[in-house]
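The values are calculated or read from the model by the stated rules, or taken from the named source; none is laboratory data. These numbers come from a predicted model, not from an experiment. Note that each Cβ is placed from the backbone with ideal geometry, even for glycine, and that neighbours are counted across all protein chains shown.
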Amino acid sequence: MTKAVVTIFIFATFLLASDMSIWMRPNEIPAPKNNPITKDKAALGKLLFFDPRLSRNDSVSCASCHIPYYYWTDKVPKAIGINGTKGTRNTPTIINSAYMKTLFWDGRADSLEEQALGPLEAKAEMDLPAKEVVRKLKKIEGYVALFDKTFPRRGITKDTIAEAIATFERSLVSGESPFDRWVHGDEEAISEEAKKGFEIFTQKGRCKSCHSGFNFTNESLNNIALGDNDPGAFTINKNPIWKGSFKTPTLRNVAETSPYFHDGSVHTLEEAVYICGNGGRYKDLKGRSPFFRDRKLSMKEVRKVVSFLETLTESRPNIEAPENFPQ
């Protein structure tokens, strides 16, 4: 082998390694300086997350929609809240939410602390204003003691409730999947069909334009031409360009988190990939994001992409609801 060939080989290897590194998990879990992660705070947040007493009639908790066994989703098209009230959007997974810069389908929250209070106060979810949650928890001696220990001199407030729940949610980081083992050099970790699917995903399908990085989302807001009447991000930002736009979800564990999209209208991963890879459900829909184009993926190619996406599934979360809550 000549020196020139060796140089080219080393350079190509470097490019491959560099490119694959973007799919690797960062070493640290990010947290804001004013709400660092602590063991006590995460433990308190877990209790609050699973406790149905944070709802108006003690019937619904955060975990009613974000179920660990279902990879923190609920397996129904639209979220179901207090008194069986059906929401307007599908429940997204909260896995790896620590790494997200925007929350909710319409991107209306900039932090987990802000997001944490949303479901509590939403009438179609837990229907209990934050000030009432505070008043309710202050009547529970066990919670008073835990908050005093975890938040000295602050106790139970709207902010400390949000900080505790947000800290628990930050602890929910995806585990190692077959894809992760492959990225780190184990060539036997995924099948040849899955490798071909990854190639289609990153090249012909242009899927990585939105689903990039280790969490497989750049958190962009896009109108993917599903044709429903939900205004999406337009509700928050009245600029018409945002009408029908929704946040790009993570693809971690996507094979286990159907139904798909903000409206829960798609029940198979094959259909979801076909829609995204071929320009949306309605290709001539006004307002469709301009780069969301028909990549002309065949069903054979779609199935290869699905084979790849299945390698993003980790072991089922081993987190159980608390057996007892503070009294």
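Computed values, structure above
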| quantity | calculated |
| --- | --- |
| Selection within region 255-287 - more than 23 Å from Phe179 (Cα to Cα) and outside any loop (DSSP other than H, G, I, E, B) | Val266, Ile275, Asn278 |
| Qualifying residue in region 298-305 (condition: under 22 Å from Met100 (Cβ atoms) and either part of a helix (DSSP H, G or I) or at pLDDT below 95 (or both)) | no |
| Matching residues, region 224-254, being basic (Lys, Arg) and not in a loop (DSSP other than H, G, I, E, B) | Lys247 |
| Scan of region 130-151 for residues that are part of a loop (DSSP other than H, G, I, E, B) and over 21 Å from Pro119 (Cβ atoms), ordered by number | Lys139, Phe151 |
| Given (1) surrounded by fewer than 20 Cβ atoms within 10 Å (Cβ to Cβ); (2) part of a helix (DSSP H, G or I), number of the condition Asp58 does not satisfy | (2) |
| Filter pass, Lys86 being within 18 Å of the chain's Cα centre (by Cα), more than 19 Å from Thr248 (Cβ to Cβ) and charged (D, E, K, R) | no |
| Only one of Arg281, Arg252, Arg303, Arg316 that is among the basic types (Lys, Arg), within 20 Å of the chain's Cα centre (by Cα) and over 17 Å from Ser209 (Cα atoms) | Arg316 |
| Residue list for region 176-189, restricted to those being closer than 17 Å to Asp19 by Cβ and buried (at least 18 other Cβ atoms within 10 Å of the Cβ) | Phe179, Asp180, Trp182, Val183 |
| Close pairs (6 angstrom Cβ cut-off, 6 or more residues apart or separate chains): closer than 22 Å to Cys62 by Cα in region 148-167, assigned to a loop (DSSP other than H, G, I, E, B) and at pLDDT 95 or above anywhere | Ile156/Lys138; Thr160/Phe151; Thr160/Arg154; Glu163/Asn35; Thr167/Ile37 |
| Verdict on Asp51 being surrounded by 15 or more Cβ atoms within 10 Å (Cβ to Cβ) and not aromatic (Phe, Trp, Tyr) | yes |
| Among the candidates Gly118, Gly107, residue that is in the same structural domain as Thr85 (by TED's automatic domain parsing) and either of a type in the set (Phe, Trp, Tyr) or part of a loop (DSSP other than H, G, I, E, B) (or both) | Gly107 |
